[in-house]
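Q: Structure below; questions to follow.
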Amino acid sequence: MSYYYLNQPDKAIEQFMKSLAVDSKHTKTLLNMGIVRAFGKQDLEGAAQAWQRVIELAPDTPEGRARGRRSTT
């Protein structure tokens, strides 16, 4: 997320991809990937895919619930 806050969304996504290569089910990484895709890259489809994966993997976690709140606003 540091890269995102430094206005380097491509580098942020690159780091998320490395994290997901180690653990493809890491929900915090997927949640953050969605945030960067949505707000850093304006890639709403990619963001929705990342967030949907969070819901599928862990709907009752803070990450899954955070995504759920976003979808209702």
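Q: Could you list, ordered by first residue, the pairs with Cβ atoms under 6 Å in which the first is in segment 30-51 and modelled with pLDDT of 95 or more and the second is outside any helix (DSSP H, G or I), at least 6 apart or interchain?
A: As it stands, the answer is Asn32/Met1; Arg37/Asp43, since those pairs meet every condition given.
Q: Restricting to segment 1-38, and then to whatever is in a helix (DSSP H, G or I) and loosely packed, with under 13 Cβ neighbours inside 10 Å, can you tell me which residue is nearest to the chain's Cα centre (by Cα)? Give the derivation first.
A: Of all residues in segment 1-38, those in a helix (DSSP H, G or I) come to 2-5, 9-22, 27-38.
Next, only the ones that are loosely packed, with under 13 Cβ neighbours inside 10 Å stay: 2, 5, 10, 14, 17-18, 21-22.
On the way: Ser2: 14, Tyr5: 14, Asp10: 13, Glu14: 12, Met17: 11, Lys18: 13, Ala21: 14, Val22: 16 Å.
Top of the filtered list is Met17.
Q: If you don't mind, there's one more thing I want to ask. Restricting to segment 42-59, give me the number of residues that are open to solvent by less than 40 Å² (accessible area, probe 1.4 Å) and under 11 Å from the mean Cα position of the chain (by Cα).
A: Final tally of qualifying residues: 5.
The values are calculated or read from the model by the stated rules, or taken from the named source; none is laboratory data. This structure is a prediction, so every number in the text was calculated from the model and none was measured. Glycine gets a Cβ as well: all are built from the backbone with ideal geometry, and neighbour counts include every protein chain shown. In case anyone asks, the SASA skips ligands and DNA or RNA and just uses the protein heavy atoms, side chains included. Shrake-Rupley method; radii C 1.70, N 1.55, O 1.52, S 1.80 Å.
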